[in-house]
Amino acid sequence: MTTHNTDSAPKQAGDWAARFSDRMSRVRASEIRELLKLLDQPDILSFAGGIPDPGLFPAEQIQAGYDAILADQALSRQALQYSVSEGYLPLRQWIAERMTRDGMPCEPHNIMLTAGSQQALDLIGKLFISPGDPVVVARPTYLGALQAFNGYEPAYRDLPEDALRSPAEADLPHGALGYFVPDFANPTGVSLTLAEREAVLALADRLDMTLVEDAAYRELRFIGEPTPTLLALDIARSGGIDNARTMFLGTLSKTLSPALRIGWVCGPKPVIEKLVLLKQGADLHVSTINQMVAHRAVSEGYDQHLHRLRGAYGHKARVILAALERTMPKGVTWSRPEGGMFVWVDLPEGVDGAALLARAIEEERVAFVPGAPFFAEVQKHNAIRLSYSLPTDDQIEEGVARLARLIGRVIAEA
């Protein structure tokens, strides 16, 4: 017979907060998601949402894919039906071949397709994080990863500033999960050097760390030559992907279309097998027709499409960097990305990014993301993130000029 604790006060019917699980105390609204609502205000010049330029979506190619699949009776029956949790095999084969060419030899059974790489983060958190488990992240790190992991109640540890210079001496817990964005990180736009990537692996070996490599922006390099991924270096030293300690997260959201919701995890087969079980409980599988359309799209001129993206985002990066150089007051510094969608701006001490945002919207009608939410353990408040992917050249120049004007006023008032 089941008994109930009669000492506790009964919950009121409408008191939903009292009924939620304890983990919900760690789940909060994303400041970035809230800021995206500002895009509906036409007079706001927004550097807030790190979202692709819709003018670069291959819409005609995607439309042709849907039309061809739905016009074919056999293909349409497959496309509109349930499917396997691992994902559409031809797309997994294409991903495996592409990753192998990028120095990460793998097979389709090493890959599971997910609803964007954001779902991969959630499933990895569910698989590897128990309450109180240590999770090591960079300072700053991707806010979406913190949101995905928060529900599993980790104990975050910021990567010490000198950890990648002296990995043998870094003071970090044994057996942690380590999350890294080595290429054009969100929010900083900064990439890890080859030496720093090797240091991450040395650190992981010393501390028996499980690594998550988020490669959401890797394909968007517009300056320089690619650096080997953490997984590529890991495979080279371990003798094969099934001996590696790294899971690689990829996505088509930044290159093809976010709405298709196509991401993937690549890793050792035993890890993928467990993730498949978790995905079955989450949503069974990614939309079958979207997977099939994505496969058709990437199989036809994908590298030419990437060339177009790199040219467009590289141009916008040059525009925003020139505008920052031309207008920002003394004491303001910023990153110089070689790819991706972001510039990280460090403000003078005492200038709070959140307070600056409130004034920027009110006084200059400019939006951006304050830096503090991107820090897991110890926050830094005098920083902001600017995304140059969506605004036009004129909007970038005008928005940076307005922001510089406001920052100048704030510094003068201090």
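The values are calculated or read from the model by the stated rules, or taken from the named source; none is laboratory data. Fair warning: this is a prediction, and the values are worked out from it, not measured in the lab. With ideal geometry, Cβ positions are generated from the backbone for all residues, glycine too; neighbour counts draw on all protein chains shown. We work out accessible area using only protein heavy atoms, side chains counted, and drop any ligands, DNA or RNA first. Shrake-Rupley method; radii C 1.70, N 1.55, O 1.52, S 1.80 Å.
I'd like the FRET efficiency for GLN395 and GLN12, computed as 1/(1 + (r/R0)^6) with the beta carbon distance as r and R0 of 45 Å, rounded to 0.05.
0.35
Any idea of SER130's accessible area? Nearest 10 Å², probe 1.4 Å.
Here the residue's solvent-accessible area equals roughly 60 Å².
Roughly to the nearest percent, how much of the accessible area of the chain is carbon and sulfur, given a 1.4 Å probe?
Taking all protein chains in place, the chain shows 52 percent carbon and sulfur surface.
Report the calculated FRET efficiency for SER166 and GLN379 (r = Cβ-Cβ distance, R0 = 41 Å), to the nearest 0.05.
That pair, SER166 with GLN379, gives E of 0.95.
Quick one, which of (i) 33, 29, 25; (ii) 33, 24, 22; (iii) 36, 23, 20 is the actual semi-axes √(5λ) of the Cα gyration tensor in Å calculated for this model?
It is the one labelled (i).
How charged is the neighbourhood of LEU127? Take every other residue with its Cβ under 13 Å from the Cβ of LEU127, and add Lys/Arg as +1 and Asp/Glu as -1.
For residues surrounding LEU127, the net value is 0.
For ASP53 and ALA412 in the same chain, what is the full-extension length gain: residue separation times 0.36 nm, less their Cα-Cα distance, in nm?
Extra length available between ASP53 and ALA412 comes to 125.7 nm.
Rounded if a/c is under 1.5, else prolate if a/b is larger than b/c, else oblate: which is the range 273-380, with a ≥ b ≥ c the root eigenvalues of its Cα gyration tensor?
Here the range 273-380 falls in the oblate category.
For GLU60 and ILE223, calculate 0.36 nm times their separation in residues minus their Cα-Cα distance, and state this gained length in nm to one decimal.
55.8 nm
Can you tell me how much longer the chain between ASP67 and GLU325 gets when fully stretched, taken as 0.36 nm per residue apart minus their C-alpha distance, in nm with one decimal?
Net length gain for the segment: 88.1 nm.
For a quick check of understanding: with a 1.4 angstrom probe and all protein chains in place, what accessible area in square angstrom does ARG139 have, to the nearest ten?
90
Can you send over the solvent-accessible area of HIS109, 1.4 Å probe, protein chains only, in Å² to the nearest 10?
90
Of the options VAL181, ALA170, LEU159, report the single residue whose Cα projects farthest towards the positive end of the charge dipole of the range 136-183 (beta-carbon charges: Lys, Arg +1; Asp, Glu -1).
Highest projection toward the positive end goes to VAL181.
Counting only pairs 8 or more places apart or on different chains, how many lysine pairs in the chain have C-alpha atoms closer than 19 Å?
5
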